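Below you'll find the structure, written out as structure tokens, and then a few comments.
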Amino acid sequence: MTERVINDRVTIAIDGGVADVRLSRADKMNAVDGAMFEALIEAGESLKSERSVRAIVLSGEGRGFCAGLDFSSFQAMAERPERSGSNAVLDRGDRITSRGQQAVYTWTEQEVPVIAAVHGPALGAGFQLALGADIRFIAPDATMSVLEIRWGLVPDMTGTQMLPRLVGLDVAKELAFTGRMVTGTERVELGLATHLSDDPHADALALAREIAAKSPQAIRGAKRLISMAGQVPIAEGFAAEAATMGSLIGAPNQVESVNAYFEKRTPVYED
């Protein structure tokens, strides 16, 4: 196992092809401040080059997933709105994102599946961070809200673009307009939760390990193709599907999948 800590805000432990990423500001309910923005971005960007990582679990230490933006950031917004909070511009490359957007979008951009394990509050920034994952295990005690309207703001960490893909335009607008708390089975009914779980972190890790045991090229291909659905013309999607299948057939990991199945053994894949 390899472990590292980023800015005292995020920890990463990699074991058996699974990266266990945890927000580690438990004393502040993992509220997002400048250091947390940078730590999330650094953690996500660093994992993109870790070819041994085949699945990622994203969770929060302590009593909640993420309680939202740190209150100290609101004062910074008033003093220097152009350089504070999630709206600060990233001074790197030609990114399409602001700093806050990239703190979430870096997880959406991962080639491998990202599974969020959510307990306690997942509010505002925390809510949007959970939306950046591919799959969400959510505890019965979790509370979720597009909380920005309380402060006279809008969700600006990719939430306006990602939320409608999960719940539809009308529900996304209602949640953004009201900031109401979503709890219980409604989270699954709306599409915010993939599964309700009494132990979301354990269940997320179990699924991540199951995914990590599959052919990594096939998993990456499936994620990329499914994420394209509805975002590109259907002809482009079909072409990408055919091209991906062509690249997999006969490749070493695909051959290993077939051989392992018929030989009744656990497959051993190349990264």
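The values are calculated or read from the model by the stated rules, or taken from the named source; none is laboratory data. Keep in mind it's a predicted model, so treat the numbers as computed, not measured. Methodologically, a virtual Cβ is constructed for each residue, glycine included, from the backbone with ideal geometry; neighbour enumeration extends over all protein chains shown.
Quick one: is Phe127 in contact with a His (Cβ under 6 Å, 6 or more places away or on another chain) and closer than 21 Å to Ser59 by Cβ? Taking the combined requirement at face value, the residue does not satisfy it. Just one of the numbered conditions (1) surrounded by 21 or more Cβ atoms within 10 Å (Cβ to Cβ); (2) at pLDDT below 95; (3) of a type in the set (Val, Ile, Thr) is not true of Thr185: (1). Among the residues of the range 229-242, are any surrounded by fewer than 15 Cβ atoms within 10 Å (Cβ to Cβ) and touching an Asp or Glu at 6+ places or on another chain (Cβ under 8 Å)? So far as the range 229-242 goes, no, none of its residues is surrounded by fewer than 15 Cβ atoms within 10 Å (Cβ to Cβ) and touching an Asp or Glu at 6+ places or on another chain (Cβ under 8 Å). Only residues that are touching a helix residue (DSSP H, G or I) at 6+ places or on another chain (Cβ under 8 Å) and over 14 Å from Gln217 (Cβ atoms) were counted in the range 248-267, giving 1.
Applying a threshold of 6 Å to beta carbon distances and a minimum spacing of six or more residues, or different chains, the list of pairs starting in the range 25-37 at a residue that is closer than 17 Å to Phe127 by Cβ and in the same structural domain as Arg99 (by TED's automatic domain parsing) and ending at one that is of a type outside the set (D, E, K, R) and part of a helix (DSSP H, G or I) reads Val32/Ala125; Phe37/Ala103.
Could you identify the single residue in Ile12, Ile6, Ile56 that is at pLDDT 95 or above, among the aliphatic types (A, V, I, L, M) and in contact with a Lys or Arg (Cβ under 7 Å, 6 or more places away or on another chain)? From the options Ile12, Ile6, Ile56, the qualifying one is Ile12. In the range 27-52, the qualifying residues are those that are assigned to a loop (DSSP other than H, G, I, E, B) and of a type outside the set (Ser, Thr, Tyr), and the one that is surrounded by the fewest Cβ atoms within 10 Å (Cβ to Cβ) is Arg51. Scanning the range 160-183 for residues that are farther than 18 Å from Thr194 by Cα and either touching a residue at least 40 places away in the same chain (Cβ under 8 Å) or in the same structural domain as Gln231 (by TED's automatic domain parsing) (or both) yields nothing. Checked against (1) hydroxyl-bearing (Ser, Thr, Tyr); (2) at pLDDT 95 or above; (3) surrounded by fewer than 21 Cβ atoms within 10 Å (Cβ to Cβ), Thr106 meets all criteria but (3).
Selection of the range 246-271 for residues being of a type outside the set (Asp, Glu) and touching a residue at least 24 places away in the same chain (Cβ under 8 Å) yields Ser247, Leu248, Ala251, Asn253, Gln254, Ser257, Thr266, Pro267, Tyr269.
When only residues in the range 196-210 that are among the acidic types (Asp, Glu) and outside any helix (DSSP H, G or I) count, which is nearest to Gly62 (Cα to Cα)? Looking at the filtered set, the residue picked out is Asp199. Here Asp198 clears all of (1) in the same structural domain as Gly16 (by TED's automatic domain parsing); (2) exposed (fewer than 13 other Cβ atoms within 10 Å of the Cβ); (3) without any contact (Cβ under 8 Å) to a residue 40 or more places away in the chain except the condition numbered (3). Residues in the range 143-154 that are of a type in the set (A, V, I, L, M), surrounded by fewer than 24 Cβ atoms within 10 Å (Cβ to Cβ) and not in a helix (DSSP H, G or I): Leu153, Val154.
Here Leu192 meets each of (1) outside the structural domain of Ser49 (by TED's automatic domain parsing); (2) in a loop (DSSP other than H, G, I, E, B); (3) surrounded by 15 or more Cβ atoms within 10 Å (Cβ to Cβ) with one exception, condition (1).
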